[in-house]
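Peer 1: I am attaching a structure below and will ask some questions about it afterwards.
The values are calculated or read from the model by the stated rules, or taken from the named source; none is laboratory data. Please read all numbers here as calculations on a predicted model, not as lab measurements. Glycine gets a Cβ as well: all are built from the backbone with ideal geometry, and neighbour counts include every protein chain shown. What goes into the accessible areas is simple: the full protein's heavy atoms, side chains included, and nothing from ligands, DNA or RNA. Shrake-Rupley method; radii C 1.70, N 1.55, O 1.52, S 1.80 Å.
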Amino acid sequence: MAKTFRVGLIGYRFMGRAHSSAWRQAPKFFPLKANVELHTICGREAAGVQAARAQLGWQHAVTDWQEVVESPLIDIVDITAPPYLHAEMAIAAAKNGKHVLCEKVFAMNVKQAEQMLAAVTKAKVVHMVCHNYRRIPAIALAKRIISEGALGRIFHFRARYAQDRLADPEVPVDWRLQKEFCGGGVNFDINSHIIDLGRYLVGEFKEVQAMLHTFITERPSAEALAKGARKMGKVNVPDSAAFLGWMENGVFANLEATRYALGRKNHIEIEINGSNGSIYFDFEDMNRLKYYNGSDPEDRRGFRDIYVTERNNIQPYVSNWWPPGHGLGYEHTFVHTVADFINACADGKSVQPTFEDGLKNQRVLAAVEESASKGKWAKV
């Protein structure tokens, strides 16, 4: 009989909803090595978490996260709470023998990341950071193309993560703009995604030269607005980030993260240039990958537009979904993540990105902060 994993999810809003969808869908679309039971969902507001339990398909709801990590009935703890809670929750879950899936950004600093990795390593549990963009089929195909050597020697990794959520100065201060809750603003929140993609696709970062900036340093207080008043709150983290970097094998990197790109809702743009070819990806057209082959005849060279929807194990992940031409969306990246995580738990094997990847990402983020603060190159 296949094992059944009972899951406890901490958090029920944006990421909690995305993860809940994934836990429900993964067993229905992927040949998993274990069964899944949506056991308990946790949130601080009793009414809100009870409503989420009913809507999202969980059996039980609690308001104390320690009930989740300590329960003998739960095998997997999925953490989607804000970053300042990640370390305490993940370490406690590991000490109680739970497999741990943790949202990014992984930790508040390198020290916490090291403690989290040490805890899961000591407990010998399966651990994974939810960098879901690794499991976009087009990105997974790009990884395959690069690993096969089709691009030759890699020269450039360029990435831009652009949104426009903060372009309006009336957007209120929330936890993502307060250092004590988020750790590092846009640098941690969305820059961490493209740093992880760079490490996944190309290799490790060695040193960086960075700029961090806060365009709007005061915004309306959300708490005051909820009471019908207007009071300004401080933004004490960067709301935009950019850095150059050297990666292993002499790859030159150029990354930017901003929420001031009016018209860009969730624009993740990746371009990788090598001696034999190039790859280009845009998340706002996520089912396509553009590939330039320098070996094509000179009279017909150009970027191929690869529509990544081919089944029969031709392209990653899509065989489990719809007929060719029926594209996937954002939520499917979480389903792919959860499916891989469940199988890893069943096998008792590692699955990337692990907490070690989380630590490596955290070291890059720390180097970005150090470089921006000191105005010079910083080693990772």
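Peer 1: Does GLY8 meet the test of being farther than 16 Å from PHE341 by Cα, in contact (Cβ under 8 Å) with a residue 60 or more places away in the chain and surrounded by 22 or more Cβ atoms within 10 Å (Cβ to Cβ)?
Peer 2: So GLY8 fails the test.
Peer 1: Has the stretch 131-152 got at least one residue that is in a loop (DSSP other than H, G, I, E, B), hydrophobic (A, V, I, L, M, F, W, C) and open to solvent by less than 20 Å² (accessible area, probe 1.4 Å)?
Peer 2: Yes - at least one qualifying residue is present in the stretch 131-152.
Peer 1: While we're on this one: Can you report the number of residues in the stretch 348-362 which are more than 18 Å from the chain's Cα centre (by Cα) and open to solvent by 70 Å² or more (accessible area, probe 1.4 Å)?
Peer 2: 1
Peer 1: Are there any pairs, at least 6 apart or on different chains, whose C-beta atoms fall under 7 Å, with the first in the stretch 256-280 and more than 18 Å from TYR133 (Cα to Cα) and of a type outside the set (Lys, Arg) and the second open to solvent by 50 Å² or more (accessible area, probe 1.4 Å) and in a loop (DSSP other than H, G, I, E, B), and if so, which?
Peer 2: Sorted first by the residue in the stretch 256-280, then by its partner, the pairs are TYR260/PHE215; GLY274/ARG153; SER275/ARG153; ASN276/SER295.
Peer 1: In addition: Tally the residues that are open to solvent by 30 Å² or more (accessible area, probe 1.4 Å) and either in a helix (DSSP H, G or I) or acidic (Asp, Glu) (or both), restricting the search to the stretch 305-339.
Peer 2: Of the residues in that region, 6 qualify.
Peer 1: Still on this structure, please answer the following. Tell me which residues, restricted to the stretch 73-128, are within 25 Å of ARG13 (Cα to Cα) and hydroxyl-bearing (Ser, Thr, Tyr).
Peer 2: Scanning the stretch 73-128 gives THR80, TYR84.
Peer 1: Right, here's the next one. Which of the residues that make up the stretch 65-111 are basic (Lys, Arg) and either part of a helix (DSSP H, G or I) or under 24 Å from LEU177 (Cα atoms) (or both)?
Peer 2: Selection gives LYS95, LYS104, LYS111.
Peer 1: Right, here's the next one. Could you say whether any residue in the stretch 187-197 is closer than 15 Å to THR258 by Cβ, open to solvent by 40 Å² or more (accessible area, probe 1.4 Å), acidic (Asp, Glu) and modelled with pLDDT of 95 or more?
Peer 2: Looking through the stretch 187-197, none of the residues is closer than 15 Å to THR258 by Cβ, open to solvent by 40 Å² or more (accessible area, probe 1.4 Å), acidic (Asp, Glu) and modelled with pLDDT of 95 or more.
Peer 1: A further question on this structure: Filter the stretch 286-304 down to the residues that are free of Cβ contacts under 8 Å to residues at least 12 places away in the same chain and in a loop (DSSP other than H, G, I, E, B), then identify the one that is nearest to LEU328 (Cα to Cα).
Peer 2: Ranking the candidates gives GLY302 first.
Peer 1: Can you list residue pairs whose Cβ atoms sit under 6 Å apart, with the first residue in the stretch 68-94 being over 17 Å from VAL338 (Cβ atoms) and at pLDDT below 95 and the second being open to solvent by 10 Å² or more (accessible area, probe 1.4 Å) and part of a loop (DSSP other than H, G, I, E, B)? Count only pairs 6 or more apart in sequence or on different chains.
Peer 2: none
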